[in-house]
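Student: Can you keep this structure in mind? I'll have questions shortly.
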Amino acid sequence: MKEKNLSKWTILLAAICMLTLPAQALSGEVYKLGLSLAITGPTSDAGNPYSKGVEDYFSYVNDTKMLGDDKIECMIRDDQYKNDVTKRNFEDFLDQGIVFYLNYSTGSTLALKKDFEEEQIPVLPASFHAGNLVDSNYIFLPIASYSAQMIGLTEYVVKNHKGGTPKVAMFIHPSAFGRGPVEDVKKAVAAGLDVEIIEVVEHGKDLDNTAMLKRLSGKGVQYVLSHTVQSPVATMLKDASSLGLVASSFGEEGKITFLGAHYTGGNDLVALAGDSAENFYWTTSYIVTSEPGEGTDLQLALATKYNRDEKAANSHNYANGMMVAQVATEVIKRAKSKGKEINKETLYEELLGMNGDNAFSPKTTVGDVTFSETDHAGVDTLQLYVVKDNKFMSEGSPFIPEYTSKIE
Amino acid sequence: MSSNRWLATGNYFTSYEEEQRIFSTSLDRSVMCIFLFILFAWPLFLSVGNKYMLVIDNILVAVIAVIGLNLVTGFAGLISIGHAAFVGIGAYTVASFCRVLGDSHIIITHGWPLMIVVAGFMGALFGAIVGLPALRLKHLYLAIATLSFQMIFQWTINFMNFFDQGQTIPVGRVFWVTGKVARKEHYLFWYYVILVVIVILGFGVRNLLRTRYGRCLVAVRDNDRAADAMGMHPGFVKVYAFGLAGFCAGIAGALHAYLYRGVGIDSFTLHHSINYLAMAIVGGLGTLQGAFWGPLAIRVLDLQVERLSEWTGSHLTAATNLTTALRPLSFGLVIVLFLMFEPRGIANWWRIFRSYVKLWPFRY
């Protein structure tokens, strides 16, 4: 009787082994990535959809077995836009053995720059601040820097302005994020870009910009170039609209034409400013959902698949998050296909090799992602959009600012 | 008092000197020794990730800052809502040296103990200057004066190119007798440094409170006119209270700079000043233990609320940004509840617990 029982147990154990062992062998590798960003707190209106874009794209990679049996585990932590918390999150990710890091704000990217160098870990932040790349080997900007965006807008003003030297004012965020491009635009002007910078305004938490707009108008400012987040721009546009200062066509005489870089625009601006956002010119490297294409189809399909609301689905920050996840996935895929072990070093190598024939087209941007030893800005091409009937519509073809290379 | 100090179940002082002892009983002294031994020894036996070491170090830095705040607000009764600015003075003292000499200059990397002391004295200097209005101002008016210092400090840092307009100024890695403190040992190294500073400052403050200078602080807090009549100089006491608070804050700032290997204005805002004040209140104003309990309680609460808001943030839609309010809400609630139900702070719970243990098994 005892022997019979024993054999039963042996068979059961063997069956368990047979069932579990192949499953373990087939389960594949798990590659750990980390993302620390503002899901709550300041700038969370951008950070929240950004995190969802990252999360959904990696879920999509795992669900569709894009990496075969291997999976990506991206740990997403809220840092509430606080550098101290970002540092803690980054240490946590390192403790858990991440091979690639996705960061968010300009402040924390600058604060952790030395850590990135010591850890030799490739980093893709949501900040496109050109200063991120100074004395850094491991930070890569997903798209053209804020400086390039502002120079691109200025070049557009110069090319399309009629009569004399255009007078511009810069409306910027009171931080390194906002101040960064000012010097570069000034350098471009010194290098021959024919505009007159009348004033640089660092906005506070103003709820009314009437006085500022009247002052700028009084000084003959024809164009306001904004580099900040959406809400101050929305306040300014609403006040300008009330004062009847918004140009109904580009460069309309006696009126002001408003333009802005990546984080000033998108659907959130239209939601905040309403009809006052009409004729607002905006530049980014991302394709927006009001201009359907292969990338935006994927964006909307992902948002639907993972039950995101319409606001997140149509956000350019959702596309922004998706895009960095696409780049991270692509370098893992490339390293895998070459039979390399997936670690910080190999992913860094793959990022540096992403150029020429190896450039990556994520379809969510207007150009290819290219990186090299000397080029750490991904998509160099920008697209100008203008608000028409509460939608951002393409204005002209994608372009690369000329003066960016002249001031280097 | 019992002839055997190990069996004492209460404090029966027969002389003024006995009452002024640092440890009332031998048991107290032994428990403190064991506690200190545990604090120094546990990292040798337990392995903790860098994330948690950073959290622990951060709490300890806050303890140093709150020791200072407790001196000025708890013991001397002078409200300061610019304490983060004093911490910032210490941090930016280190940062200034980094800007001028370079972040890897030998003074920064090898002379760090000196830098910490210099930062402390800079804090003390600014503390004494800001304390000057205390000669004329009291209560809310003094609070506003310290608030204005906080604002001036933030504005100066934010707009001066020398301070990189508030962006992080890097601080180099330090050297110890064994060589350069590598990234792997960084947080553990600073844990020990901060712990040593806390022990020195803790005993320093405890001793200060036994001297006439310490008693002057309490006397001026309770009634400055009476203190004046008794021969004390209330004005001088107030200024030196601010100076002492600034010294502790300056040291905390320098340690913060070295711990985070960088100095940015983000860590020294009005929000942080309120946070230090909350730590002092929750811990227990006017008690040395309160300076330890407060930072621990507030930081742990912060971490838990952070997790909760992160969880809710990732589950709610982007349109409902309600989770952003969770942290300030919980933070405010804790302070209000403490002010309502336990104004003497966690230190009072500790006192009750100790009394219970001391008298056990007797009820009275």
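Student: For segment B:45-140, report the % of Cα-Cα distances exceeding 17 Å.
Tutor: Values: 2809 of 4560 pairs.
For segment B:45-140, the share of Cα pairs beyond 17 Å comes to 62 percent.
Student: Here's a follow-up. Using a ≥ b ≥ c from the Cα gyration tensor of segment A:267-408 (square roots of the eigenvalues), is it rounded, prolate or oblate, where a/c under 1.5 gives rounded and otherwise the larger of a/b and b/c decides, a/b for prolate?
Tutor: Since a/c reaches 1.5 but b/c is at least a/b, the shape of segment A:267-408 is classed as oblate.
Student: Any idea how far the Cα center of segment A:359-408 sits from the one of segment B:51-127, in Å?
Tutor: Using only Cα atoms to place each centre, the spacing works out to 45 Å.
Student: Pairs A:K32/A:K52; A:K162/A:K388; A:K187/A:K219; A:K52/A:K305; A:K159/A:K363: which are spaced more than 20 Å apart, C-alpha to C-alpha?
Tutor: A:K162/A:K388; A:K187/A:K219; A:K159/A:K363
Student: Using helices alone, I'd like the mean residue ellipticity at 222 nm for the protein assembly as shown: each DSSP H run of four-plus residues gives -39500 (n - 2.57), total over residue count, nearest 500.
Tutor: The helix-only estimate for the protein assembly as shown comes to -18000 deg cm²/dmol at 222 nm.
Student: Further, regarding this structure: How big is the C-alpha Rg of segment B:184-295 next to the rule-of-thumb value 2.2 N^0.38 Å, as a ratio?
Tutor: The value comes to 1.24.
Student: What net charge is computed for the residues neighbouring B:D228, neighbours being all others with C-beta under 14 Å from the C-beta of B:D228, Lys and Arg scored +1, Asp and Glu -1?
Tutor: Every neighbour counted, the sum reads +2.
Student: Separate question: If I take R0 = 25 Å and measure r between the Cβ atoms of B:Q20 and B:W360 in this structure, what FRET efficiency does the formula 1/(1 + (r/R0)^6) give, to the nearest 0.05? Numbers along the way, then the final one.
Tutor: On the way: r = 26 Å, r/R0 = 1.06.
After rounding, the FRET efficiency stands at 0.40.
Student: Quick one: if you stick a label point 7 Å off each Cα along the C-beta vector at A:K406 and A:D69, how many nm between them?
Tutor: Inter-label distance under the simple model: 5.8 nm.
Student: Okay, moving on. What's the long-distance tail for segment B:51-268, i.e. % of Cα pairs beyond 32 Å?
Tutor: Within segment B:51-268, distances greater than 32 Å cover 20 percent of Cα pairs.
Student: If you line up the Cα atoms of segment A:156-232 on their principal axes, what length do they span on each, largest first, in Å?
Tutor: 34, 27, 17
Student: Kindly identify the protein assembly as shown as rounded, prolate or oblate by the Cα gyration tensor criterion: order the square roots of the eigenvalues as a ≥ b ≥ c, call it rounded if a/c is under 1.5, otherwise compare a/b with b/c, prolate if a/b is larger, else oblate.
Tutor: Details: a/c = 2.18, a/b = 1.36, b/c = 1.60.
It comes out oblate by the Cα gyration axes.
Student: Same structure again: Suppose R0 equals 45 Å; then what is the FRET efficiency for A:D208 and A:V134 from their Cβ-Cβ distance, rounded to the nearest 0.05? Please report the intermediate quantities before stating the final value.
Tutor: Numbers: r = 37 Å, r/R0 = 0.82.
Computed FRET efficiency for A:D208 and A:V134 comes out at 0.75.
Student: Along Cα→Cβ, 7 Å out, is where each label goes; now give me the distance between the ones at A:S394 and B:K184 in nm to one decimal.
Tutor: 5.3
Student: With a cut-off of 8 Å between alpha carbons and a minimum separation of six or more residues, what is the relative contact order of chain A in percent?
Tutor: Relative contact order for chain A comes out at 17 percent.
Student: Next question. In whole angstrom, and with the biggest value first, how far do the Cα coordinates of segment A:227-273 range along each principal axis?
Tutor: Its Cα atoms span 27, 19, 15 Å along the three principal axes.
Student: I want the local charge near B:L326. Using Cβ-Cβ distances under 13 Å, sum +1 for each Lys or Arg and -1 for each Asp or Glu among the other residues.
Tutor: Result for the local shell: -2.
Student: Continuing with this model, one more query. How many percent of Cα pairs in chain A exceed 26 Å?
Tutor: Of all Cα-Cα distances in chain A, 55 percent exceed 26 Å.
Student: Next question, about the same structure. Decide, for chain B, between rounded, prolate and oblate: order the square roots of the alpha carbon gyration tensor eigenvalues as a ≥ b ≥ c, take rounded if a/c falls under 1.5, and otherwise choose prolate if a/b is larger than b/c, else oblate.
Tutor: rounded
Student: Between segment A:39-117 and segment A:187-232, how far is it from one alpha carbon centroid to the other, in angstrom?
Tutor: Result: 33 Å between the Cα centres.
Student: For an R0 of 41 angstrom, estimate the FRET efficiency from the Cβ-Cβ distance between A:K32 and A:R215 and round to the nearest 0.05. Present the calculation step by step, with values, prior to reporting the outcome.
Tutor: Working: r = 52 Å, r/R0 = 1.27.
So, using R0 = 41 Å, E works out to roughly 0.20.
Student: Provide the per-residue ³J(HN,Hα) series for segment A:255-265, in order, calculated from phi with Karplus coefficients 6.51, -1.76, 1.60 and θ = phi - 60°, each as a whole number of Hz, with x at glycine and proline positions.
Tutor: 3J(HN,Hα) across segment A:255-265, in whole Hz: 10, 10, 9, 9, 9, x, 8, 2, 7, 8, x.
Student: After finding the eigenvalues of the alpha carbon gyration tensor for segment B:157-239, what semi-axes result from the square roots of 5 times each, listed largest first in whole Å?
Tutor: Each semi-axis is the square root of five times an eigenvalue, giving 41, 23, 8 Å.
Student: Gain in length, B:L270 to B:L101, computed as 0.36 nm per residue apart minus the alpha-carbon separation, to one decimal in nm?
Tutor: 57.9 nm
Student: Moving on. Round to a whole angstrom and tell me the spacing of the C-alpha centers of segment B:141-161 and segment A:162-185.
Tutor: Cα centroid to Cα centroid, the span is 28 Å.
Student: Sticking with this one: In whole percent, what relative contact order does segment B:244-296 give with Cα contacts below 8 Å and a gap of six or more residues?
Tutor: 20
Each reported figure results from applying straightforward, stated rules to the coordinates on display, with no laboratory input. Note that the structure is predicted; figures quoted are calculated from it, not measured. Neighbour counts run over all protein chains shown; Cβ positions are idealised from the backbone, glycine included.
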